[in-house]
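Following: one structure in structure tokens, then a few remarks.
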Amino acid sequence: MSNIPENPADRLLFELSKPGRRCVTFPKLDVPEVDIADALKGAKLRTEPARLPEIGELDLVRHFKNLAKKNFSVDKNFYPLGSCTMKYNPKINVTLLAQQGYTKAHPYLPEHDIQGHLELMYNLEHYLREVSGLDEVTLQPAAGAHGELTGVMCIKAYFEDRGEGAQRTEFLIPSAAHGTNPATAAMAGFKAVTLKEAANGNIDIEELKKKVGPQTAGMMITNPSTLGILEPKMREIAEILHGVGAQLYMDGANMNAISGIVQPGDYGIDVMHFNLHKTFSVPHGGGGPGAGPIAVRKHLAPYLPKPRIKKNADGTFSFDHDRPKSVGKVRSFFGNFGALVMAYTYMTQLGREGVRRMSQNAVLGANYIRVKLRDFYNVHHDRTNAHEVVFTDAKQDKENGVHTLDIAKRLIDYGIHPMTIYFPLPQNTGGHGAMMVEPTETESKESIDYFIECMKKIAQECKDNPELVKSAPHTTPVSKVDEKTASTNPQLYCPMCLG
Amino acid sequence: MPFIQHTDEDRAEMLKAIGAKSIDDLYVDIPADIRVKENGDKVKLNPSMGELEVTRHINALLAKTKNAGNYAFFRGAGIYNHHVSTLADHLALYEGDFITAYTPYQPECSQGTLTSVFEFQSCITALTGFEVSNAGMYDGASALAEAVLMGYRLTADKFRKETRETVVLAGAIHPEYAATVKTYCETTGLKLVTVGAGKDGRVDAGALKAALTREAAVVAIQSPNFLGVIEDVESLVKQAHEAETTIVQVIAEAVSLSVLQTPADAGIDICVGEGQSIGNHMFMGGPAFGFFASRKDFVRKMPGRIVSETTDRDGRRAFALALATREQHIRREKATSNICTNQALCALRALIQLAAWGKGGFTELGRQVVAKTQFARKALAAVKGVELAHPDAPVFNEFVIKAKPGLDAALIKQGIMGGLPLETVGMGQPGEYLVAVTEMTTKEDIDKYAKALGA
């Protein structure tokens, strides 16, 4: 037991455990006790109770409060994570969700008991239709990647229905795309064909024309791109794809730049997903739950997952299960309903005006950061950007031997969460480590200015005292973590939990 | 505007620094003819609302609903009305440092989340007996679909010279799960075969044998199954392994792991399940989380995020994401899955709830559920005109009764949300109801239900 930390605040739950301690008690059983072996005759039972920790309530609360302290969070810290849209999560969203009407809503309640929930989902679908400019929406996908998969499944079903299933085997994916895009295409049985970007970061139209053909099922495009740049030739791209009968999928990860500014449907896209945990402020939760609804043009609507929600002539709402061409279900029930409630609460607060202001201020902040830091760091594409901007370590690497990872870790010492690093991949950023910065619209100018000042200071530190930067962080509960050993010699559970 | 702090002066200063006249100038790459006009009505959304207005609006919607708390409640079928400890709300839902944190890619400032995931994995290990648990999946249904894909990969890699691309869904599997597996299989091009349940509610062993041809790659079972019946898992494992297939078990009621044999002990290869029962509210079926556990040898084939213990530069214990070379952000089209969430907050809730129950409490919970289920089973079966569909089968928390069709409406009027009419989910005949019990079910509720059924 000697390796158990002395301070209880540093121990694992299992190390705080002592036989006989309890938190929760149950009411006295109001029915006769049974002998488990007798009651479950014919079934095999556990040989011993599951080795869960035994812990008192105060120690339990303190344990989790101490863990919470070891996290950065949007509530506490500026979190300029590019592509993740770490905006403020209004408290009202959680408060409204925590009501019994939601917490105790069962998916198999009869429709007359859930009219208010169906109405909420119907309204949210309407909002997303309006923001996307597309015709129909499903709320079922549980996350962005899940939405991608659902969208690609719909495209696949569409081609199979048209008798082109065997012919359409490829999906075109820009090389700077999120990793989920090629992974999704592969999961849906397509060959992921990589498209190289043009030198200015846009889609290379000639390259696209070369690779597109009758074998193409579709293309996945992120707009604004993962380089933080709005694609100026969206309509031309859509026309090229439609010209060979293929579909255009838009990854909506970056909708925080253009919601209320342009309806992607006007670009000619056929399907897109939303990340409600990015654009519409469902809290990220340390890695979910989010929600990844998709919006489609009419011709893809028959293939959307079921059930759909419909409004009846008498103003009531019901589920429509009669969707013979539907791809089926992509998860149980109706999606991450609780996350949908939070997104809906947020969107109704923003309203038409607010959605537009959201995007405008997000784009303003990111451009401001670009011009303020362009003399200190290499801007990968120093041109008007969208809601995020990509810097690289080209300058610091060459002049001081300091790299993106070091700069990111040093930022932690200033109380700021690192930006997204090494995405897009070095092959897309001139061989240098990317630093993708997304301030979001909810940060004040003072917070943004503080970030800018810290980045300038770090640039100076790279010159004066590179070791200080390379050995960062210096102020966190743990110093630089050995992530390599975590993978080469994984230890995935506390030995005390298994006999 | 809500949640935006910039003043007009801030905006003017920032625009000046950028060298732009207006924010509109920053959208030069959007063709002017499709740009939404300021103060136009092209995007049809409501005017902005404040906290008071949105509260009124949401509460008006809620007034048009009823929930489990309004009834003597006997509905389950994958989402269960367990007590959720207030600790899970206070320490997860309202804890800004958990709920507003991002995925812990930067371990130095995410040790809170990483430690909790490691503890979560350890708890799933304790429950299932497997050495490896991932950090969580979307839900039970998609976890089963991913487990089936992984099971297929395991068999296909072992028998490279053969074509083994058939998935066998055996017995009474939750219809939502089966539908999800079907969707995933159709997309990936795997063939799906279903084997029904026999009269005793368990997998029809003869039909399974016939389905286990050389093409079969993976068998999936649910236990306790959708009809509440606990399968003879060991014999199904034996059958599956004799046919050199991978066998997956899905569990819809995670609390059953408090008393039933662990999937690892039964010889299962991959165990997945729905985690809602543990510390997560019902929320119309989501969000909760899926759990995913397997043997150490298979870890590199597993989908999803995994956390490992390691050290920091000073030799102190630390935690970090591990084995990312399986994942989409590194492997792209060669990844084991496209998933990049683990429903972390829901998994955290489960960890808090499991710790709150503790070793003793979790066992006591299981015993209470069994005792109440047994009581309800006897009480309902004693009603004239009601009989058990599977009187000889072992059940944990759910069972099917046969009674008059169309009882639902009358029961609801009396404040009773009776068992789920099985024909509404395509899993039985009119007059068959799937009755669910939890520790929340009181003797009074059961007596009331029995009395109403007898009337």
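At a glance:
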{"item": "Among (1) touching a strand residue (DSSP E or B) at 6+ places or on another chain (Cβ under 7 Å); (2) on the phi > 0 side of the Ramachandran plot - the single one A:Gly431 does not satisfy", "result": "(1)"}
{"item": "Qualifying residues in segment B:186-215 (those that are modelled with pLDDT of 95 or more and facing chain A (nearest Cβ under 10 Å)) - the one farthest from the chain's Cα centre (by Cα)", "result": "B:Asp200"}
{"item": "Residue count for segment A:259-289, restricted to those that are under 19 Å from A:Asp135 (Cα atoms), facing another protein chain (nearest Cβ under 9 Å) and touching a helix residue (DSSP H, G or I) at 6+ places or on another chain (Cβ under 6 Å)", "result": "6"}
{"item": "Members of segment B:1-52 found to be in a loop (DSSP other than H, G, I, E, B) and loosely packed, with under 13 Cβ neighbours inside 10 Å, listed by number", "result": "B:Thr7, B:Gly19, B:Lys21, B:Ser22, B:Lys37, B:Glu38, B:Asn39, B:Gly40, B:Asp41, B:Lys44, B:Pro47, B:Gly50"}
{"item": "Condition met for A:Leu81 (of a type outside the set (Ser, Thr, Tyr) and facing chain B (nearest Cβ under 7 Å))", "result": "yes"}
{"item": "Some residue of segment B:308-320 being part of a strand (DSSP E or B) and either more than 7 Å from chain A (Cβ to nearest Cβ) or in contact with a Cys (Cβ under 7 Å, 6 or more places away or on another chain) (or both)", "result": "yes"}
{"item": "Number of positions in segment A:203-235 that are away from chain B (no Cβ under 12 Å), open to solvent by 20 Å² or more (accessible area, probe 1.4 Å), touching a residue at least 12 places away in the same chain (Cβ under 8 Å) and in a loop (DSSP other than H, G, I, E, B)", "result": "3"}
{"item": "Filter result for B:Ser277 (touching a Gly at 6+ places or on another chain (Cβ under 6 Å) and either β-branched (Val, Ile, Thr) or farther than 27 Å from B:Ala217 by Cβ (or both))", "result": "no"}
{"item": "Residue check, A:Arg323 of a type outside the set (Val, Ile, Thr) and at the interface with another protein chain (Cβ under 8 Å from one of its Cβ atoms)", "result": "no"}
{"item": "Neighbours by Cβ (under 8 Å, 6+ apart or cross-chain): first from segment A:417-432, without any contact (Cβ under 8 Å) to a residue 12 or more places away in the chain; second open to solvent by 50 Å² or more (accessible area, probe 1.4 Å)", "result": "A:Pro426/A:His432"}
{"item": "Wholly enclosed helices (runs of 4 or more DSSP H) of segment A:329-419 bearing at least 1 residues under 25 Å from the mean Cα position of the chain (by Cα) and basic (Lys, Arg)", "result": "A:337-373, A:404-413"}
{"item": "Residue within segment B:152-162 that is among the aromatic types (Phe, Trp, Tyr) and under 23 Å from B:Ala210 (Cβ atoms) present", "result": "yes"}
{"item": "Residue in segment B:430-440 that is at negative phi, in a loop (DSSP other than H, G, I, E, B) and of a type in the set (Ser, Thr, Tyr) present", "result": "yes"}
{"item": "Close pairs (9 angstrom Cβ cut-off, 6 or more residues apart or separate chains): farther than 13 Å from B:Arg164 by Cβ in segment B:202-218, of a type in the set (D, E, K, R) and open to solvent by less than 50 Å² (accessible area, probe 1.4 Å) anywhere", "result": "B:Arg202/B:Glu231; B:Val203/B:Glu231"}
{"item": "Restricting segment A:18-62 to residues that are in contact (Cβ under 8 Å) with a residue 40 or more places away in the chain and more than 8 Å from chain B (Cβ to nearest Cβ), the residue that is farthest from B:Ala379 (Cα to Cα)", "result": "A:Arg62"}
{"item": "Criterion: within 22 Å of A:Asn275 (Cβ to Cβ), in contact (Cβ under 8 Å) with a residue 24 or more places away in the chain, in contact with a Lys or Arg (Cβ under 7 Å, 6 or more places away or on another chain) and assigned to a helix (DSSP H, G or I) - qualifying residue of A:Ala183, A:Ala238", "result": "A:Ala183"}
{"item": "Criterion: at positive phi and open to solvent by less than 10 Å² (accessible area, probe 1.4 Å) - qualifying residue of B:Gly136, B:Gly112, B:Gly129, B:Gly189", "result": "B:Gly136"}
{"item": "Given (1) within 7 Å of chain A (Cβ to nearest Cβ); (2) touching a Phe, Trp or Tyr at 6+ places or on another chain (Cβ under 6 Å); (3) closer than 28 Å to A:Gly287 by Cβ, index of the condition B:Ala92 fails", "result": "(1)"}
{"item": "Number of the condition not met by A:Asp30 [criteria: (1) in contact with a Phe, Trp or Tyr (Cβ under 8 Å, 6 or more places away or on another chain); (2) modelled with pLDDT of 95 or more; (3) under 30 Å from B:Tyr71 (Cα atoms); (4) in a loop (DSSP other than H, G, I, E, B)]", "result": "(1)"}
{"item": "Count - residues of segment A:302-316 that are open to solvent by less than 10 Å² (accessible area, probe 1.4 Å) and over 24 Å from the mean Cα position of the chain (by Cα)", "result": "0"}
{"item": "Qualifying residue in segment B:337-352 (condition: at pLDDT below 95 and farther than 21 Å from B:Leu114 by Cβ)", "result": "yes"}
{"item": "Residues that are open to solvent by less than 10 Å² (accessible area, probe 1.4 Å) and at the interface with another protein chain (Cβ under 7 Å from one of its Cβ atoms), drawn from segment A:110-142", "result": "A:Asp113, A:Ile114, A:Gly116, A:His117, A:Leu120, A:Val131, A:Ala142"}
{"item": "Any hit, segment A:481-489, residues being of a type in the set (Asp, Glu), open to solvent by less than 40 Å² (accessible area, probe 1.4 Å) and within 14 Å of chain B (Cβ to nearest Cβ)", "result": "no"}
{"item": "Which numbered condition A:Ser83 misses (of (1) under 24 Å from the mean Cα position of the chain (by Cα); (2) not in a loop (DSSP other than H, G, I, E, B))", "result": "(2)"}
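Okay, residues lined up against (1) hydroxyl-bearing (Ser, Thr, Tyr); (2) over 16 Å from A:Asn123 (Cβ atoms); (3) crowded, with 24+ Cβ neighbours inside 10 Å; (4) in contact (Cβ under 8 Å) with a residue 60 or more places away in the chain:
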site: A:Val341; (1), (2), (3), (4): no, no, yes, yes
site: A:Leu373; (1), (2), (3), (4): no, yes, no, yes
site: A:Phe376; (1), (2), (3), (4): no, yes, no, yes
site: A:Val379; (1), (2), (3), (4): no, yes, no, no
site: A:Asn385; (1), (2), (3), (4): no, yes, yes, yes
site: A:Val389; (1), (2), (3), (4): no, yes, yes, yes
site: A:Lys398; (1), (2), (3), (4): no, yes, no, no
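Let's see how each residue does on (1) open to solvent by 10 Å² or more (accessible area, probe 1.4 Å); (2) assigned to a loop (DSSP other than H, G, I, E, B):
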| residue | (1), (2) |
| --- | --- |
| B:Arg332 | yes, no |
| B:Cys346 | no, no |
| B:Glu364 | yes, no |
| B:Lys384 | yes, yes |
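Residue-by-condition table, conditions (1) without any contact (Cβ under 8 Å) to a residue 40 or more places away in the chain; (2) outside the structural domain of B:His174 (by TED's automatic domain parsing); (3) of a type in the set (Ser, Thr, Tyr); (4) touching a strand residue (DSSP E or B) at 6+ places or on another chain (Cβ under 8 Å):
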position: B:Thr7; (1), (2), (3), (4): yes, yes, yes, no
position: B:Val28; (1), (2), (3), (4): yes, yes, no, no
position: B:Ala32; (1), (2), (3), (4): yes, yes, no, no
position: B:Lys37; (1), (2), (3), (4): yes, yes, no, no
position: B:Arg56; (1), (2), (3), (4): yes, yes, no, no
position: B:Phe74; (1), (2), (3), (4): no, yes, no, yes
position: B:Gly96; (1), (2), (3), (4): yes, no, no, no
position: B:Pro104; (1), (2), (3), (4): no, no, no, yes
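The values are calculated or read from the model by the stated rules, or taken from the named source; none is laboratory data. Please read these numbers as outputs of a predicted model, since none were measured by experiment. Heads up, the Cβs are rebuilt from the backbone with ideal geometry, glycines too, and the neighbour counts pull from every protein chain shown. For the accessible areas, the whole protein counts, side chains as well, though only heavy atoms, and no ligand, DNA or RNA atoms are used. Shrake-Rupley method; radii C 1.70, N 1.55, O 1.52, S 1.80 Å.
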